[in-house]
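**Q** I have a structure here, written as structure tokens, and I will follow up with some questions on it.
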Amino acid sequence: MAGQDWFEKDFYSVLGVPQNATAADIKKAYRKVARTHHPDANPGDPAAEKRFKEVGEAYAVLSDPEQRQQYDAIRAMSRGGARFTAGGGGPTAGGGAAGFEDLLGNLFGQGGGMPGAGGQQRVRYSPGAGAYGGGAESPIFEDMLSGLFPPGSATGNGNFRSPRGPMRGGDLNATATLTFRQAMEGAQLNLRVDDPQSGLRNITARIPAGVRDGQKVRLRGKGKTSEMGGEPGDLWVTVSVEPHPIFTLDGADVRITVPVTFPEAVFGTEIEVPTPDGSRVKLKVPAGTPSGRTLRARGRGVKTAKRTGDLLVMLQVAVPQRVDGKAREALRTFAEATSGENPRADLFAHLDDSR
């Protein structure tokens, strides 16, 4: 805000409290006035919105002990409670008993000195621009005011603003359990959260597609409401995904393990595989497919804003628990015909190469 704004604005009147109000009184008054003029309670009313911002500005200053002390000092000057002196004497700004140097001494604890000057530098007005060196708009006066506020609260030309605006509300945490289908497709949930400011609240939460088990989803603006008229905090939802009997999520992809018979793996075949949406897809198994090979059904995974995942099908050669009759005889014949082959031979070859 401009330097003269603190002279002109009566923050105590804005909140409806006396100047000697306690911090608890100020907080109580702020909540009452802010609730009355909150934009949610006055939709489309620009006057209420303006008043709400003024209330937030007033509370931001008066709720901070340091800012309140500085504000009271500035307001005291505007009422003529301080006297400006130059050297051994000079014009005064009212009949107050305390000099301006005494005011600075109270603010900084340096016996009337300006901060950073060891308490020895005196404040003087400029006699070349009127009785007070140009009044509140003069460079000398602006430089003097800049020492009253912490760094960052004043610009080089004496323009001031509150070092902190309305504080943002805090974050809230919640948990949600989703089915596999909900995690894959996304879901809209109704959550009940406990807000220390407004009590229990029902919140509609949209969980994006492809969320993982244990993942935290951030819902902006769904957290704690602000005491000072600022933006609300966020709601963090920790998601638990119920396991599926045959599918697992891998980012935007969905995985499934599908058994094939030994002859199917040897000779090749075409198989039908279930998809997460309940339909089926046909995949070709090449001849000589080993156990563990993964086939891909494109576009059958999770659909997100960035991409659509695939269905990844890992083939597993099924070994029969019991073989009888002709199948057993055929298997013995096959074993005899391939007795000269050792599928583990490469393992020992690699071991010899590494020595």
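Here, each number is a calculation from the coordinates, and none is a lab measurement. If you're wondering where the values come from, they're calculated on a predicted model, not measured in any experiment. A quick note on method: Cβ atoms are made from the backbone with ideal geometry, for glycine too, and the neighbour counts reach across all protein chains shown.
**Q** Report for segment 172-241 the percent antiparallel among DSSP-assigned beta bridges with both residues inside it, nearest 5.
**A** Of all bridge pairs located within segment 172-241, approximately 65 percent are antiparallel.
**Q** Using the Cα centre of segment 212-355 as origin and beta-carbon charges of +1 (Lys, Arg) and -1 (Asp, Glu), tell me which of V285, S240, I271 is placed farthest towards the positive end of the dipole.
**A** Of the candidates, S240 comes out farthest on the positive side.
**Q** Now for a separate question. In Å, what Kirkwood hydrodynamic radius results for segment 172-241 from the alpha-carbon pair distances?
**A** 12.5
**Q** Another question, if that's okay. State the antiparallel share, in %, of DSSP beta bridges confined to segment 248-337, rounding to the nearest 5.
**A** 65
**Q** Expressed in nm to one decimal, what extension gain is obtained for the pair Q316 and H38 from 0.36 nm per residue of sequence separation less their Cα-Cα distance? List each step's numbers first, then the result.
**A** Values: separation 278, 0.36 × 278 = 100.08 nm, distance 6.33 nm.
Extending this stretch completely gives an extra 93.7 nm.
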